[in-house]
Amino acid sequence: MSAGHTAVTTTPGVDHSADLVISCETPQDECGVRDVLDRLGDKWSVYVMVELTAGVRRFKELQRLIPGDISQRMLTLTVRRLERDGLVKRTVHPTIPPQVEYELTDMGRNLSHLIKAIADWSIGHRAPIADARAAFDARLEAQ
């Protein structure tokens, strides 16, 4: 998102207040939006958060449940980033070996509703998106 963009094209007489985009003060100030989009746009964060909506998970359990064969290193990096952002809480139980559990924080649970909405939208629009891509590709090939 470019800083300074505060609205989309408007139609006279129509309330466009819901169309407003967050306005940042300077081009260097990204309002934190890019940080959140980077986190949610990486390959594994959404999968981790989706699995944690079901409740507390141990590390290996979380690794087994995430589709796509996530490595132990990548899962460690992902949960650390989510923990750093305040979305995931990590609890270490003093057992031998140590037992580590992860769960969503209140902020993470709040965000999980938005992630679910995006996932539902994606599933519901999979076929139209595929059709649009095929039509676009066909137009390019015809040129």
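Couple of notes before you dig in:
- Unique match (being acidic (Asp, Glu) and exposed (fewer than 11 other Cβ atoms within 10 Å of the Cβ)) among Glu101, Glu61, Glu141: Glu141
- Which numbered condition Ile96 fails, given (1) hydrophobic (A, V, I, L, M, F, W, C); (2) open to solvent by 40 Å² or more (accessible area, probe 1.4 Å); (3) closer than 22 Å to Val33 by Cβ: (3)
Residue-wise test of (1) in a helix (DSSP H, G or I); (2) free of Cβ contacts under 8 Å to residues at least 12 places away in the same chain; (3) farther than 14 Å from Lys43 by Cβ.
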| residue | (1), (2), (3) |
| --- | --- |
| Ile70 | no, no, no |
| Met74 | yes, no, no |
| Thr78 | yes, no, no |
| Gly86 | no, no, yes |
| Thr91 | no, no, yes |
| Pro97 | no, yes, yes |
| Tyr102 | no, no, yes |
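- Single residue of the range 111-125 satisfying the filter (of a type outside the set (Gly, Ala, Ser), over 12 Å from the mean Cα position of the chain (by Cα) and part of a helix (DSSP H, G or I)) that is nearest to Met49 (Cα to Cα): Asp120
The values are calculated or read from the model by the stated rules, or taken from the named source; none is laboratory data. As the structure is a computational prediction, the values presented were derived from the model and not from experiment. Counting neighbours? That spans all protein chains shown, and the Cβs are built from the backbone with ideal geometry, glycine included. Side chains included, ligands, DNA and RNA excluded: accessible areas come from the protein's heavy atoms. Shrake-Rupley method; radii C 1.70, N 1.55, O 1.52, S 1.80 Å.
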